[in-house]
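First comes the structure, then the notes that go with it.
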Amino acid sequence: NAGVTQTPKFQVLKTGQSMTLQCAQDMNHEYMSWYRQDPGMGLRLIHYSVGAGITDQGEVPNGYNVSRSTTEDFPLRLLSAAPSQTSVYFCASKTLVGNTEAFFGQGTRLTVV
Amino acid sequence: GQQLNQSPQSMFIQEGEDVSMNCTSSSIFNTWLWYKQEPGEGPVLLIALYKAGELTSNGRLTAQFGITRKDSFLNISASIPSDVGIYFCAGQKDGSGNTGKLIFGQGTTLQVKP
């Protein structure tokens, strides 16, 4: 019972490098989302998707791109990493049918130097 | 961006004490959720509230959905060392869950002294 799987768990990037944070869920959830967690700021929504082919911006979308080609996967792309993107990133998914909880991955700790 | 105002920011208490934390918002939410995050892990749902005025318990945890739909509180009774973690409130505006967007508070860091 994998739930939400994020890779990698840790990553160090140099300023200007690009990378993709992976998120996969095996619960057939329509909704997937990416948050970043910074001290004292809680969890802030970056991008979200309500189904394959549909994405939308959250509170802090600048510097990040997403796509949703399948129900299972929702990768987050950093095209040109900046030190301000140093954070812990969480992927979450939920069904849109009824009142249900969001399930979170274990997080990716990203450091941009 | 909109966030929920969660307080207190941190608490350091003695084992056995009761804990109370709350979240407020300037706008209405149709669902309130309380999550706990342990070090190195993602948040895990503790309690979900779906109706204004609803009071729900989960073991030693009790949470209430405010009548105005603009606030919620979480109480932990007789705290134990494993209660240590960061507690987040989260609100969802769409009660039907059609968008699924969750807005989170800043978190309350709880430390329990044995």
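Points to keep in mind about this one:
- Dimensionless Rg over Rh [chain A; C-alpha; Kirkwood]: 0.95
- Counting only protein heavy atoms and a 1.4 Å probe, chain A has 45 square angstrom of accessible area per residue.
- Label-point separation, residue B:24 to residue A:14 (7 Å along Cα→Cβ), nm: 4.9
- Average partner coverage of A:28-40, which counts Cβ from other chains inside 10 Å: 3
- Over chain B, the ratio between the Cα radius of gyration and 2.2 N^0.38 Å evaluates to 1.02.
- Other protein chain Cβ atoms within 10 Å, averaged over every residue that makes up B:37-49: 4
- Between chain A and chain B, roughly 2000 Å² of accessible surface gets buried, counting both sides and using a 1.4 Å probe.
- Taken along the Cα-to-beta-carbon direction at a fixed 7 Å, the label points for residue B:15 and residue A:2 span 3.9 nm.
- The modelled label-to-label distance between residue A:109 and residue B:82, using points 7 Å beyond Cα along the C-beta direction, is 2.4 nm.
- Using the alpha carbons alone, the radius of gyration of the protein assembly as shown stands to its Kirkwood radius in an Rg to Rh ratio of 0.97.
- Pairs from the table (B:70/B:113; B:51/B:93; B:51/B:101; A:9/B:113; A:14/A:94; A:9/B:93) lying more than 23 angstrom apart at Cα are B:70/B:113; A:9/B:113; A:14/A:94; A:9/B:93.
- Note on chain A: with a GNM built from Cα contacts shorter than 10 Å, the maximum mean-square fluctuation among A:39, A:75, A:61 falls on A:39.
- Of all accessible heavy-atom area on the protein assembly as shown, the percent that carbon and sulfur account for (1.4 Å): 51
- Most fluctuating residue given options A:90, A:103, A:74, as computed from a GNM of chain A linking Cα atoms under 10 Å: A:103
The values are calculated or read from the model by the stated rules, or taken from the named source; none is laboratory data. The shown structure was predicted, so the numbers you read here are calculated from the model rather than taken from an experiment. Because the Cβ atoms are built from the backbone with ideal geometry, glycine has one as well, and the counts that use them run over all protein chains shown. The area values use the complete protein model at the heavy-atom level, side chains included, leaving out ligands, DNA and RNA. Shrake-Rupley method; radii C 1.70, N 1.55, O 1.52, S 1.80 Å.
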